[in-house]
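Notes for the one structure printed next.
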Amino acid sequence: MPGIKRGMTEQRVVSSFMQFALEEARAAAARGEVPVGCAIVRGAEVMARAGNRTLADRDPTAHAELLAIRSAAARLGSERLTDCDLYVTLEPCAMCAAAMAFARVRRLYFGASDPKGGAVENGVRFFASPTCHHRPEIYGGINESESGALLKEFFAARR
């Protein structure tokens, strides 16, 4: 990260930004939504935050990442988020990965891997596709245990 010493300091900064995404995931769970949260950061400023709202909005595209990308783009007055980093609690699906590519997100930080629906390290591996026109820097496993625990608790309560 520019302007930040590598190592423990960088890890603390990344983890602190992921806390915003985790807060959004907890809020989504409290609303009965799948607990996925997202925060978009530019420099040291959080530009947008969102949690899943597919049920509340009756919109299958109301994933945390898409909602946050829309909000950040509106706030910045640009469809390009070239100097923004996206933090999300779960490995993005293909739809969300495509949105990140179109928005030109600089870095992607995600929490838990998603072997069933993920499209970054799993599934179609969207950013590795030769037709993908923009690939963010990718960092997985950020606050992975906390992100995964939210999902496990949520689905265990529904079984």
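The values are calculated or read from the model by the stated rules, or taken from the named source; none is laboratory data. None of these values were measured; they are calculated from a predicted model. With ideal geometry, Cβ positions are generated from the backbone for all residues, glycine too; neighbour counts draw on all protein chains shown. All accessible areas refer to the heavy atoms of the entire protein, side chains included, with ligands and DNA or RNA removed. Shrake-Rupley method; radii C 1.70, N 1.55, O 1.52, S 1.80 Å.
If you go through the stretch 20-50 and keep only what is touching a Leu at 6+ places or on another chain (Cβ under 6 Å) and β-branched (Val, Ile, Thr), you end up with Val36, Ile40.
For every residue, the table says whether it meets (1) surrounded by 21 or more Cβ atoms within 10 Å (Cβ to Cβ); (2) assigned to a helix (DSSP H, G or I); (3) in contact with a strand residue (DSSP E or B) (Cβ under 7 Å, 6 or more places away or on another chain).
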{"site": "Ala72", "(1), (2), (3)": "yes, yes, yes"}
{"site": "Arg80", "(1), (2), (3)": "no, no, no"}
{"site": "Asp83", "(1), (2), (3)": "no, no, yes"}
{"site": "Thr89", "(1), (2), (3)": "yes, no, yes"}
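Return yes when Glu65 is among the charged types (D, E, K, R), in contact with a Cys (Cβ under 8 Å, 6 or more places away or on another chain) and modelled with pLDDT of 95 or more and no when it is not.
Details: among the charged types (D, E, K, R): yes; in contact with a Cys (Cβ under 8 Å, 6 or more places away or on another chain): yes; modelled with pLDDT of 95 or more: yes.
Judged against the criteria, Glu65 is a match.
Look at the stretch 74-86: where a residue is under 24 Å from Val14 (Cβ atoms) and a partner is open to solvent by less than 10 Å² (accessible area, probe 1.4 Å) and part of a loop (DSSP other than H, G, I, E, B), sitting 6+ places away or on another chain with Cβ atoms under 7 Å, you get Leu81/Val105; Cys84/Val105; Leu86/Val105.
Return a yes/no flag: does the stretch 51-61 have any residue that is in contact with a strand residue (DSSP E or B) (Cβ under 7 Å, 6 or more places away or on another chain), within 22 Å of Arg125 (Cα to Cα) and free of Cβ contacts under 8 Å to residues at least 60 places away in the same chain.
Filtering the stretch 51-61 for residues in contact with a strand residue (DSSP E or B) (Cβ under 7 Å, 6 or more places away or on another chain) gives 51.
Applying the additional criterion that residues be within 22 Å of Arg125 (Cα to Cα) yields none.
Among the residues of the stretch 51-61, not one is in contact with a strand residue (DSSP E or B) (Cβ under 7 Å, 6 or more places away or on another chain), within 22 Å of Arg125 (Cα to Cα) and free of Cβ contacts under 8 Å to residues at least 60 places away in the same chain, which makes the answer no.
If you check Glu10, Glu24 for being open to solvent by less than 60 Å² (accessible area, probe 1.4 Å), among the charged types (D, E, K, R) and more than 16 Å from the chain's Cα centre (by Cα), only one passes: Glu10.
Tally time: how many residues in the stretch 91-108 are among the basic types (Lys, Arg) and in a loop (DSSP other than H, G, I, E, B)? Show your work before the answer.
At the first step, the residues of the stretch 91-108 found to be among the basic types (Lys, Arg) are 104, 106-107.
Checking which are in a loop (DSSP other than H, G, I, E, B) leaves us with 104, 106.
Result for the stretch 91-108: 2.
Would you check if Ala68 is over 17 Å from Glu33 (Cα atoms) and under 16 Å from the mean Cα position of the chain (by Cα)? No.
Residue-by-condition table, conditions (1) open to solvent by 60 Å² or more (accessible area, probe 1.4 Å); (2) assigned to a strand (DSSP E or B); (3) free of Cβ contacts under 8 Å to residues at least 12 places away in the same chain; (4) not polar (S, T, N, Q):
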{"residue": "Phe110", "(1), (2), (3), (4)": "no, yes, no, yes"}
{"residue": "Lys116", "(1), (2), (3), (4)": "yes, no, yes, yes"}
{"residue": "Ala119", "(1), (2), (3), (4)": "no, no, no, yes"}
{"residue": "Phe127", "(1), (2), (3), (4)": "no, no, no, yes"}
{"residue": "Cys132", "(1), (2), (3), (4)": "no, no, no, yes"}
{"residue": "Glu146", "(1), (2), (3), (4)": "yes, no, no, yes"}
{"residue": "Phe154", "(1), (2), (3), (4)": "no, no, no, yes"}
{"residue": "Arg159", "(1), (2), (3), (4)": "yes, no, yes, yes"}
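When residues in the stretch 35-65 are screened for being among the hydrophobic types (A, V, I, L, M, F, W, C), under 20 Å from Pro136 (Cβ atoms), open to solvent by 20 Å² or more (accessible area, probe 1.4 Å) and not in a loop (DSSP other than H, G, I, E, B), 1 of them pass.
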